[in-house]
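J.: The structure under discussion is supplied below as structure tokens; questions concerning it will follow.
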Amino acid sequence: MTFLPVRVRPLSDEAALCVNDAGRFFAGSHGFVDRLLDEALTPMDRQFLAREGHALEADDPLGLAAHLHGVAERLSRAGPLDYLILVPTLRCNLSCSYCQVSRAGLAAPGFDWSEETLAAVLACLDALSTDRIKIEFQGGEPTLRPDLLRAVIARCERFAERQFVVCTNLQQIDDEILALFDRPDLFISTSLDGDATTHGRNRTGGPVRTDRFLANLRTVVDRYGPGKVSALPTIDATAPPDIDTLIEAYAAHGLDSIFLRPINFQGFARKRHKDAREQDLAWRAYYERFVRAIIARNWRDRGRVLEETYLSIALRRIFQPGRDRHVDLRNPNPMGLDYIVVDHDGMVYPTDEARMLARSGIIDLSIGDVRRGWDSEARDQLNAHATNQFDPACQRCAYQPYCGRDLVDDIARYGRIDMPRLETEFCRRHLHLFDFVFALIYSDDPAVIYSLSRWLRLPGTPASLGARLQ
Amino acid sequence: MIRLTLPALAEAERPFVTRLRIDPNADTDIRDSLLVNEEAAGASFSGARGLIAIDGATGRELDGDVILVQPAPGRVERLLRAGSRTNSLLVTERCDQLCVMCSQPPKKTHVDRFALLEQACLLAPPGMLIGISGGEPTLYKEQLFDMVERVLAARDDLAFHILTNAQHFTVEDAERLRSPLYARTSWGIPLYATDAGLHDRIVGKAGAFDRLERSLATLILAGARVELRTVLVSANLHELPALARYVAARLRFVEAWSIMQLEHIGFAKGRWHALHVDHRRDFAPIAAALDQASLHGIRAQLFNFPRCTVPPAYRSMAIASISDWKRKYMPGCAACREQGQCSGFFEWHPDADAEASVTPL
């Protein structure tokens with residue numbers, strides 16, 4: 001029998017988590033770990049390991065092929081370009097304290113797409129080889145230029161499958177905007193930082209504009225149903241809002257998915273929120289309390305399932321490789337291939353964060369421009385390092401099959417990509433996240449297993465989610 | 001029930017394949033036969049091989065159908081019906097397994113129709129998914145591969161779904177199956193239990209489980225598309241959760257796992273009481289298997305489970321699996337809002353049992 005290598009991480013006082021290269025895992029008791037180290041596995045151990053895909057019998061071609069397939073399945077493969085993040089204008093009618101893009105003033109000239117840039121974006125759409133397209137309009141506030149949105153959307157009619165997302169502060173909606181929103185293939189993404197006071201402090205600057213935003217949010221939720229509208233809070237980790245108030249602010253609008261993000265270390269946030277450089281233990285504790293509050297709420301009110309978006313993504317990556325196309329957590333994480341960002345001046349960036357870094361004057365991570373293309377040396381250089389497979393720390397990490405790689409985040413925080421992995425915020429954040437998720441997976445609390453089952457989109461609620469070996 | 005074989009008279013002496021057309025201005029082919037006459041009894045068509053007079057269907061019902069004309073016994077087989085999404089070609093009636101519930105018990109003799117079936121496929125309506133079944137198609141593996149490859153090379157709009165017991169794939173086949181043509185071929189493969197002895201007993205062949213595992217290894221390495229199929233019988237009901245764990249550990253590559261309720265025909269008809277499971281009474285093992293498969297991102301589906309007999313949480317997995325020509329609904333189904341998504345019942349399912357089990361949704 002060949003024992004396939006596992007990477008081990010403490011799970012609890014009684015057990016260690018054992019994960020193989022295909023991401024298959026089990027909780028092994030300390031007794032098992034001792035037997036493993038002493039090379040004293042019992043026949044029961046061997047049977048369990050073979051059955052669960054952690055060991056191969058001498059003549060088991062299916063077990064071998066299944067393992068190879070499982071390892072390959074953990075590697076993401078970028079398809080052809082079919083996802084564009086477009087910034088038709090950098091101008092905005094708000095000035096949020098942590099604005100991530102270094103916004104431009106409402107009347108500032110020269111921050112919108114020129115005729116040439118629009119023409120180049122449309123030509124780029126015409127040249128795509130896929131029959132599906134996803135376009136996310138970012139800003140600035142994209143609804144300041146409904147004409148540009150319409151021009152892009154009209155050019156996408158030829159795609160069999162279309163999805164448009166307008167990331168808007170919902171500060172101003174009129175009939176022209178609503179006519180755009182009425183399209184069934186268009187979705188609305190907005191920011192909601194919690195109750196009115198918190199939202200006003202962070203974003204709108206006062207009750208008048210906050211009330212207008214809340215009324216507009218109510219209008220679009222009532223008009224289209226919550227399925228069309230999503231919202232994200234941005235949390236100031238130094239003064240996070242009351243958890244129940246935040247959750248109820250979302251629930252009150254029928255919004256079930258809450259992506260709890262700490263302030264991103266970008267743009268103006270860099271100047272005004274110096275503490276954001278490292279999310280400390282207080283943030284991690286807040287995050288856990290938040291998730292546990294949602295679990296308790298889901299258990300109390302079975303008619304409704306709330307989730308923390310990123311936790312659900314991580315959870316699904318553990319059990320369901322290949323299902324998620326979430327570009328913030330994948331490995332390898334190639335840049336400038338299946339999705340790109342086109343800025344207000346036509347420059348092309350690999351990610352939205354890369355655009356912000358350039359805008360903040362930290363480092364120019366543009367890989368080209370929409371007129372001349374982005375098949376550039378800069379892109380190739382980034383992509384030579386866009387994997388966690390060969391990092392010495394990741395190679396020893398139990399969570400490597402589930403985790404990702406974010407070069408731009410490293411550059412934003414440390415100005416380099418060769419930091420010892422364990423000393424990066426990306427690593428610390430994800431170690432914590434996966435530790436937390438596995439503690440939930442091996443929880444004995446039926447309320448926890450109930451929520452996890454919903455987040456995993458299971459029809460029922462299994463008795464347990466993870467295998468155990470005593 | 002839609003009849004797939006119709007009485008007919010033909011001028012030709014030998015069997016041939018033709019496509020029936022009623023509109024002479026349509027985009028026609030030299031292999032087509034055009035409607036020349038229609039009366040109460042049926043319709044007559046004329047083509048390069050002479051006249052065919054078919055009883056029991058109108059010209060419109062037959063328009064676009066690809067048929068096999070068999071002059072000697074005086075009948076036509078509707079091989080590919082233009083109006084149906086589900087068409088299946090039978091390439092042989094021989095089989096090297098003898099499953100306890102077989103819906104189409106095998107015969108010893110084999111009539112080689114590959115050349116005619118290939119002609120039929122080449123005339124198929126645009127975009128059709130053509131089913132191939134038996135008997136066991138891979139008993140004639142070379143001819144089968146040749147036919148599939150020639151048809152898919154000539155027609156880039158067609159696809160095949162082939163039912164096979166997967167007892168005959170060898171390591172050497174992997175290279176051939178890696179051809180991009182096979183991206184449009186999926187294989188429906190039965191697996192009944194993780195216990196080799198139980199699986200072998202159900203399929204009536206010693207060593208079948210081991211041989212199946214070897215074939216599945218080849219299919220993984222070939223990048224083949226596989227739909228796993230498990231027919232529910234009383235012997236494997238309580239094995240389903242273990243089977244789900246096995247699929248998650250070893251067969252993650254499958255595109256879908258179909259758990260199928262028994263069909264009241266063939267061997268199962270005579271053994272109904274010994275084999276049949278009333279899933280309404282004991283759904284728990286099925287639910288556990290579906291949860292386990294879903295947990296690991298394996299698309300599980302229920303075939304031949306009328307939706308009203310499935311608990312609500314699992315209902316969306318119960319799909320309209322029964323082909324139109326052999327499907328029926330009960331009078332009680334008329335008021336049901338989900339009939340369009342429901343499998344209904346096989347035409348040969350006992351009415352009394354079917355009627356007693358439906359509750360319109």
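J.: In region B:126-139, what count of residues is obtained for those that are in contact with a helix residue (DSSP H, G or I) (Cβ under 7 Å, 6 or more places away or on another chain) and either surrounded by fewer than 21 Cβ atoms within 10 Å (Cβ to Cβ) or under 13 Å from B:Ile189 (Cα atoms) (or both)?
T.: Residues meeting the conditions: 2.
Residue by residue, here is whether (1) under 30 Å from A:Ala123 (Cβ atoms); (2) touching a helix residue (DSSP H, G or I) at 6+ places or on another chain (Cβ under 9 Å) holds:
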| residue | (1), (2) |
| --- | --- |
| A:Cys156 | yes, yes |
| A:Val166 | yes, yes |
| A:Ser189 | yes, no |
| A:Gly205 | no, no |
| A:Thr210 | no, yes |
| A:Asp222 | no, no |
| A:Ala237 | no, yes |
| A:Pro240 | no, yes |
| A:Asp244 | no, yes |
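J.: For region B:11-36, give me the residue count where each residue is more than 28 Å from the chain's Cα centre (by Cα) and either among the hydroxyl-bearing types (Ser, Thr, Tyr) or closer than 16 Å to B:Ala57 by Cα (or both).
T.: 5
J.: Follow-up question, since we're still on this one. Just to be sure I understand, how many residues within region B:183-209 are in a helix (DSSP H, G or I), within 12 Å of another protein chain (Cβ to nearest Cβ) and crowded, with 23+ Cβ neighbours inside 10 Å?
T.: Total meeting the criteria: 0.
J.: Let me ask you something else. Which condition does B:Ala72 not pass, out of (1) in a loop (DSSP other than H, G, I, E, B); (2) closer than 26 Å to B:Ala159 by Cβ, if it passes all the others?
T.: Every listed condition holds for B:Ala72 apart from (2).
J.: Now a separate question. Scan region A:347-370 for residues that are exposed (fewer than 15 other Cβ atoms within 10 Å of the Cβ) and either under 19 Å from A:Asp82 (Cβ atoms) or touching a residue at least 24 places away in the same chain (Cβ under 8 Å) (or both) and report the count.
T.: Within region A:347-370, residues that are exposed (fewer than 15 other Cβ atoms within 10 Å of the Cβ) and either under 19 Å from A:Asp82 (Cβ atoms) or touching a residue at least 24 places away in the same chain (Cβ under 8 Å) (or both) number 1.
J.: If we keep just the residues of region B:307-338 that are among the hydrophobic types (A, V, I, L, M, F, W, C), more than 23 Å from the chain's Cα centre (by Cα) and part of a helix (DSSP H, G or I), which is surrounded by the most Cβ atoms within 10 Å (Cβ to Cβ)?
T.: So the residue we want is B:Cys333.
J.: Further question on the same structure: Test of understanding: among A:Gly205, A:Gly225, which residue is over 20 Å from A:Tyr98 (Cβ atoms), surrounded by fewer than 15 Cβ atoms within 10 Å (Cβ to Cβ) and touching a residue at least 24 places away in the same chain (Cβ under 8 Å)?
T.: So the residue among A:Gly205, A:Gly225 that is over 20 Å from A:Tyr98 (Cβ atoms), surrounded by fewer than 15 Cβ atoms within 10 Å (Cβ to Cβ) and touching a residue at least 24 places away in the same chain (Cβ under 8 Å) is A:Gly225.
J.: Oh, and also: Quick check on region B:263-305: of everything there that is among the aromatic types (Phe, Trp, Tyr) and out of contact with any Pro (no Cβ under 9 Å at 6 or more places or on another chain), which residue is farthest from the other protein chains (Cβ to nearest Cβ)?
T.: Just the residues of region B:263-305 that are among the aromatic types (Phe, Trp, Tyr), to begin with: B:267, B:272, B:283, B:303, B:305.
Next cut, out of contact with any Pro (no Cβ under 9 Å at 6 or more places or on another chain) only: B:303, B:305.
Details: B:Phe303: 16, B:Phe305: 13 Å.
The extreme case among them is B:Phe303.
J.: Sort out which residues of region A:446-459 are crowded, with 16+ Cβ neighbours inside 10 Å, within 10 Å of another protein chain (Cβ to nearest Cβ) and of a type outside the set (Ser, Thr, Tyr), and write them in order of number.
T.: Matches in region A:446-459: A:Leu452, A:Leu456, A:Leu458, A:Pro459.
J.: May I ask you to list pairs of residues, at least six apart or on different chains, whose Cβ atoms are under 6 Å apart, with the first in region A:427-448 being within 17 Å of A:Asn331 (Cα to Cα) and the second being basic (Lys, Arg) and part of a helix (DSSP H, G or I)?
T.: A:Cys427/A:Arg421
J.: Can I ask one more? If I filter region A:41-57 for residues that are without any contact (Cβ under 8 Å) to a residue 40 or more places away in the chain and within 14 Å of chain B (Cβ to nearest Cβ), do I get at least one hit?
T.: Start the filter on region A:41-57 by keeping residues that are without any contact (Cβ under 8 Å) to a residue 40 or more places away in the chain, which leaves A:41-44, A:47, A:51.
If we keep only those that are within 14 Å of chain B (Cβ to nearest Cβ) too, we end up with A:47, A:51.
Taking every residue of region A:41-57 in turn, at least one turns out to be without any contact (Cβ under 8 Å) to a residue 40 or more places away in the chain and within 14 Å of chain B (Cβ to nearest Cβ).
J.: Before we move on, is B:Ile54 modelled with pLDDT of 95 or more, touching a Lys or Arg at 6+ places or on another chain (Cβ under 6 Å), assigned to a strand (DSSP E or B) and crowded, with 17+ Cβ neighbours inside 10 Å? First the steps, then the outcome.
T.: Values: modelled with pLDDT of 95 or more: yes; touching a Lys or Arg at 6+ places or on another chain (Cβ under 6 Å): no; assigned to a strand (DSSP E or B): yes; crowded, with 17+ Cβ neighbours inside 10 Å: yes.
For B:Ile54, the condition - modelled with pLDDT of 95 or more, touching a Lys or Arg at 6+ places or on another chain (Cβ under 6 Å), assigned to a strand (DSSP E or B) and crowded, with 17+ Cβ neighbours inside 10 Å - is not met.
J.: On to the next question. Could you figure out which of (1) within 14 Å of another protein chain (Cβ to nearest Cβ); (2) touching a helix residue (DSSP H, G or I) at 6+ places or on another chain (Cβ under 7 Å); (3) of a type in the set (Lys, Arg) isn't true of A:Arg35?
T.: Of the numbered conditions (1) within 14 Å of another protein chain (Cβ to nearest Cβ); (2) touching a helix residue (DSSP H, G or I) at 6+ places or on another chain (Cβ under 7 Å); (3) of a type in the set (Lys, Arg), the odd one out for A:Arg35 is (1).
J.: Condition first: of a type in the set (A, V, I, L, M, F, W, C), within 30 Å of A:Ala50 (Cβ to Cβ) and more than 14 Å from every other protein chain (Cβ to nearest Cβ). Can you find one or more residues in region A:404-422 that meet it? Spell out the reasoning first.
T.: Within region A:404-422, the first condition is being of a type in the set (A, V, I, L, M, F, W, C), and the residues that meet it are A:407-408, A:411-412, A:417, A:419, A:422.
Then keep just the ones that are within 30 Å of A:Ala50 (Cβ to Cβ); that gives none.
No: region A:404-422 contains no residue that is of a type in the set (A, V, I, L, M, F, W, C), within 30 Å of A:Ala50 (Cβ to Cβ) and more than 14 Å from every other protein chain (Cβ to nearest Cβ).
J.: Another question, then. Run down B:Ala43, B:Ala82 and say which single residue is aliphatic (A, V, I, L, M) and at pLDDT below 95.
T.: B:Ala82
J.: Give the number of residues within region B:242-262 that are surrounded by fewer than 21 Cβ atoms within 10 Å (Cβ to Cβ) and either more than 11 Å from chain A (Cβ to nearest Cβ) or at pLDDT below 95 (or both).
T.: Summing the residues that are surrounded by fewer than 21 Cβ atoms within 10 Å (Cβ to Cβ) and either more than 11 Å from chain A (Cβ to nearest Cβ) or at pLDDT below 95 (or both) in region B:242-262 gives 3.
J.: Go through region B:210-306 and tell me which strands (runs of 3 or more DSSP E), entirely inside it, have 1 or more residues that are farther than 30 Å from B:Cys336 by Cα and of a type in the set (A, V, I, L, M, F, W, C).
T.: B:225-231
J.: Taking the condition outside any loop (DSSP other than H, G, I, E, B) and within 30 Å of B:Glu263 (Cα to Cα), does B:Lys141 pass?
T.: In short, yes.
J.: Considering only region A:1-19, state which residues are modelled with pLDDT under 95 and assigned to a loop (DSSP other than H, G, I, E, B).
T.: Selection gives A:Met1, A:Leu4, A:Pro5, A:Ser12, A:Asp13, A:Glu14.
J.: Another one. Which condition from (1) modelled with pLDDT of 95 or more; (2) out of contact with any strand residue (DSSP E or B) (no Cβ under 9 Å at 6 or more places or on another chain); (3) of a type outside the set (D, E, K, R) is the one that A:Phe438 breaks?
T.: (2)
This table checks each residue for (1) within 16 Å of the chain's Cα centre (by Cα); (2) surrounded by 18 or more Cβ atoms within 10 Å (Cβ to Cβ); (3) among the acidic types (Asp, Glu); (4) modelled with pLDDT under 90.
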site	(1), (2), (3), (4)
A:Asp242	no, no, yes, no
A:Leu246	no, yes, no, no
A:Ala249	no, yes, no, no
A:Ser257	yes, no, no, no
A:Gly267	no, yes, no, yes
A:His273	no, yes, no, yes
A:Ala296	no, no, no, no
A:Asp301	no, no, yes, no
A:Met335	yes, yes, no, no
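J.: Quick one: in region A:303-335, which of the residues that are among the basic types (Lys, Arg) and either in contact (Cβ under 8 Å) with a residue 24 or more places away in the chain or assigned to a helix (DSSP H, G or I) (or both) is farthest from A:Ile367 (Cα to Cα)?
T.: Looking only at region A:303-335, we keep the residues that are among the basic types (Lys, Arg), and these are A:304, A:316-317, A:323, A:325, A:330.
From what's left, either in contact (Cβ under 8 Å) with a residue 24 or more places away in the chain or assigned to a helix (DSSP H, G or I) (or both): A:304, A:316-317, A:330.
Numbers: A:Arg304: 44, A:Arg316: 31, A:Arg317: 29, A:Arg330: 20 Å.
Restricting to residues being among the basic types (Lys, Arg) and either in contact (Cβ under 8 Å) with a residue 24 or more places away in the chain or assigned to a helix (DSSP H, G or I) (or both), the top hit is A:Arg304.
J.: What helices (runs of 4 or more DSSP H) completely inside region A:360-427 contain at least 3 residues that are among the aliphatic types (A, V, I, L, M)?
T.: Qualifying helices (runs of 4 or more DSSP H): A:407-414.
J.: Another question, then. For A:Arg7, only one of the following conditions fails: (1) buried (at least 17 other Cβ atoms within 10 Å of the Cβ); (2) farther than 18 Å from B:Arg245 by Cα; (3) within 13 Å of chain B (Cβ to nearest Cβ). What is its number?
T.: Result: A:Arg7 passes all but (3).
J.: Further question on the same structure: Which condition number in (1) outside any helix (DSSP H, G or I); (2) at pLDDT 95 or above is the one that A:Ile153 fails?
T.: All conditions are met except number (1).
J.: While we're looking at this one, here's another question. Within region A:86-142, work out how many residues are in contact with a helix residue (DSSP H, G or I) (Cβ under 6 Å, 6 or more places away or on another chain) and among the β-branched types (Val, Ile, Thr).
T.: Number satisfying all stated conditions: 2.
The values are calculated or read from the model by the stated rules, or taken from the named source; none is laboratory data. Everything numeric in this text was worked out from a predicted model, so none of it was measured. With ideal geometry, Cβ positions are generated from the backbone for all residues, glycine too; neighbour counts draw on all protein chains shown.
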